[in-house]
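The values are calculated or read from the model by the stated rules, or taken from the named source; none is laboratory data. Since we're looking at a predicted model, the values are computed, not measured. We place every Cβ from the backbone using ideal geometry, glycine too, and count neighbours over all the protein chains shown.
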Amino acid sequence: MNRRYRKTIIAGNWKMNKTPKEARSLVDAIRPLVSKAKWCTTVLCVPFVDISPALKATRATKIAIGAQNMHWEASGAYTGEVSAQMLVEMGVKYVIVGHSERRQYFGETDEIVNKKVLAAMEAGLKPIICVGETLEERELGITEERIRLQVKRALHGVNVENIRRLVVAYEPIWAIGTGKTATVEQASEVCTLIRDTIRELFGARAARSVTIQYGGSMNAENAAGLLSQLNIDGGLIGGASLKPESFKAIVDAANQ
Ligand code: PGA
């Protein structure tokens, strides 16, 4: 973390969990536990149908609500899709873009990710852009190439003025939901590489303003170690974000 230049952000990614009623109860449980976090922004990225109850349950708090996906067009014949404008009007502030589960199960390519990033920023949403290598890519020694390519493609055409409004999450695919966390060294190395890539593209000032998160089995036990790294400015939390006490412990670690 380096709070002088950028925000520390802990974002929960609920994935496809919690009905609207259950969402209300979970937010009610989380809210008092994270309300003292002064130095860290807390975001809850919930399913579309949970956005309204989550917004109600976080009214007059500093907790921000995020979505997990969006379409890149403003409106039109795209059955089943939701646009950035729709989310903004509701009061949503963040949106996860290019999560590996979207890439893997729903065919999202780097090109689609780029369109979504541009559309999100245009509408005033802060994208949380996910990048990460597969186990095979890591074993082949091509993690660096993979990450650089994903970052460059995702950020193609982004205005340098807008760089500070985006978040990049490094999520090694082999660590998501598996209980296998990247070591502090592995996570730090790739988060540093991401910042270096942004520096090459947009310059030093822009690069140091970007929040770079780690995600992949981050939990109450390993959060402090990961967050102690200069280039790890927060976390994107799946499983542990559904457990109020675990989520609190991660927010506490980020608030140190
Ligand atoms: P996990 O998920 O914390 O359950 O590994 C992280 C993510 O997919 O964003």
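Observations, loosely collected:
- Residue in the range 83-94 that is of a type outside the set (Val, Ile, Thr), under 18 Å from the mean Cα position of the chain (by Cα), within 16 Å of the ligand (Cβ to nearest atom) and buried (at least 16 other Cβ atoms within 10 Å of the Cβ) present: yes
- Candidates are the residues of the range 218-230 that are surrounded by fewer than 22 Cβ atoms within 10 Å (Cβ to Cβ) and in contact (Cβ under 8 Å) with a residue 24 or more places away in the chain; the one that is nearest to the ligand (Cβ to nearest atom) is ASN219.
- Subset tally (residues that are more than 28 Å from ALA64 (Cβ to Cβ), assigned to a helix (DSSP H, G or I) and out of contact with any Lys or Arg (no Cβ under 7 Å at 6 or more places or on another chain)) for the range 112-141: 5
- ARG153 vs. criteria touching an Asp or Glu at 6+ places or on another chain (Cβ under 8 Å) and modelled with pLDDT of 95 or more: yes
- As a summary of the residue check, CYS45 satisfies the conditions (1) crowded, with 23+ Cβ neighbours inside 10 Å; (2) away from the ligand (no atom under 16 Å from the Cβ) except for the one numbered (2).
- Within the set THR211, THR197, the sole residue that is in contact (Cβ under 8 Å) with a residue 12 or more places away in the chain, away from the ligand (no atom under 16 Å from the Cβ) and of a type outside the set (A, V, I, L, M, F, W, C) turns out to be THR197.
- Whichever residue in the range 144-189 is within 19 Å of ILE112 (Cβ to Cβ), surrounded by fewer than 17 Cβ atoms within 10 Å (Cβ to Cβ) and more than 18 Å from the chain's Cα centre (by Cα) and, among such residues, is nearest to the ligand (Cβ to nearest atom): LEU149
- Each residue in the range 103-114 was checked for being crowded, with 16+ Cβ neighbours inside 10 Å and closer than 10 Å to ARG153 by Cα, and 4 of them qualify.
- Here LYS180 meets each of (1) modelled with pLDDT of 95 or more; (2) outside any helix (DSSP H, G or I) with one exception, condition (1).
- Scanning the range 236-252 for residues that are among the small types (Gly, Ala, Ser) and not in a helix (DSSP H, G or I) yields a total of 1.
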